[in-house]
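Some notes on the structure that comes next.
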Amino acid sequence: MMQPTEKIMKPLYKDYIESIKPYEPGKPIREVERELGLRNVIKLASNENPLGPSRKALRAMRKSIREIHLYPEGSSFYLVKRLAQELQVRENQLIIGNGSNEILELLARGFLSPGDQVVSSETSFLVYPLLAKTCGADFVSVPMKDYRYDLEGILKAVNEKTKIIFIANPNNPTGTYVTAEEVESFMKRVPPDVIVCFDEAYVDFVDARDFPRLMDYIRKDFKNLILMRTFSKAHGLAGLRVGYAVAESKMISYLHRVRQPFNVNSIAQAAAAAALDDRFFLWRTKYLVTSGRKFFYKKLKELGLHYLPSQANFVLMDTGHDGETVFQELLKKGMIVRSMKSYGLTTWIRVTIGRRSQNVQFFKLLQAYLRKVPQA
């Protein structure tokens, strides 16, 4: 029997938080060089822009530093105005985030409660299940078909507990996409009380003619659709963390209620707005990626390796050997790629398209490794 002075201790930690395996980023380039005694390490692991940021963005950053003692504009006023002009949407249809990851967090905080359900694909962005579990929601991963999102399978997984569907298009890590026809059929049948979030982080690299034009849906005020994009990839501003979402104005107003004030720093806001004006830089980036993809396909065919044609700035390839071992062996030679072990793709690696010299060096090292190991 409990004594009067005894107190029942409440659990300090939430079980569903403790069960989460944190996202593990790769080591910094300088740390890899220090640990392995290397110089000029090449990183083709995180889908960054090898050209860096545009000169216009750099100039805007230098200018904005002069006012760094002031808090940033809380609503990203000037960036929102510039984006609305660029995308031909209303300003009240836009929200800016500290990277598109923060937009995902706003969605989770705003719409998910314990017992709710999130639906996505089994081989997609690892942050989706993390966010669902952080809110105590269940995450349902639908198997892919031919390494593509199975929209029909996702529809079948939707039930009365489903709150959000996440679709990365193009998908990370496969680089595959769902077509305009598939999306049109899908959107007609999604229940109106289920939010569909299309993550278009890699949209600037797309050249497929049948890729969906989801901004047209936004302009028609689809109530349950939200579209996310980022300045981290094509615009080369990954270190500044600035992304945005476009949706019907009521949803954007709702998300502002859970957004932290001053969430996007002033340097990021200035750089992003200036980056939109540098169309030549964006063209250079797209040309580097499209020509790089062709080079990758040619070399992979020569090596007899299976790969997935990509609409992003990376290529997913099957090495035919343990992917983690391939990753480690390339790392020893100063080449950082991404092992797909965490996705269950045990023989695959994902490689970001870099500058021509970096791509050549990657295939030189990969070919040297494949020559010295027995065929699987």
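Just so it is clear, none of the values below were taken in a lab; they were calculated from the coordinates. Quick caveat: nothing in here was measured; it's all calculated off a predicted structure. Quick reminder, even Gly has a Cβ in these numbers, built from the backbone with ideal geometry, and neighbours come from all protein chains shown.
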Quick one: work out Rg over Rh on the C-alpha atoms of the range 57-276, Rh as Kirkwood radius. 0.96
For the chain, diffusion coefficient by Stokes-Einstein and Kirkwood Rh (Cα), 37 °C, 0.692 mPa s, µm²/s: 148 µm²/s
Given unit charges at Cβ for Lys, Arg (+) and Asp, Glu (-), the dipole magnitude of the chain about its Cα centre in debye, nearest 20, is 1480 debye
At 0.36 nm per residue, and after removing the present C-alpha to C-alpha distance, how many nm does the segment from residue 283 to residue 69 gain when stretched out fully? 73.6 nm
Using a Gaussian network model of the chain with C-alpha springs under 10 Å, which one of 217, 149, 177 is most mobile by mean-square fluctuation? 217
Counting helices only, and only those DSSP H runs with n ≥ 4, report the 222 nm mean residue ellipticity of the chain as the sum of -39,500 (n - 2.57) divided by its residues, in deg cm²/dmol to the nearest 500. -11500 deg cm²/dmol
If I build a Gaussian network model for the chain, linking alpha-carbon pairs within less than 10 angstrom, which residue out of 182, 91, 35 has the largest mean-square fluctuation? 35
The range 226-336, convex hull of Cα, quarter of hull surface, nm² -> 10.3 nm²
List the residues, sorted by chain then number, that are 5 or more residues from residue 314 or on another chain and whose placed amide H is less than 5 Å from its amide H. 353
Once you wrap a convex hull around the alpha carbon atoms of the range 97-171, what is its projected area averaged over all directions, in nm²? 4.7 nm²
Computed over the range 128-197, Kirkwood Rh from alpha-carbon pairs, angstrom: 12.8 Å
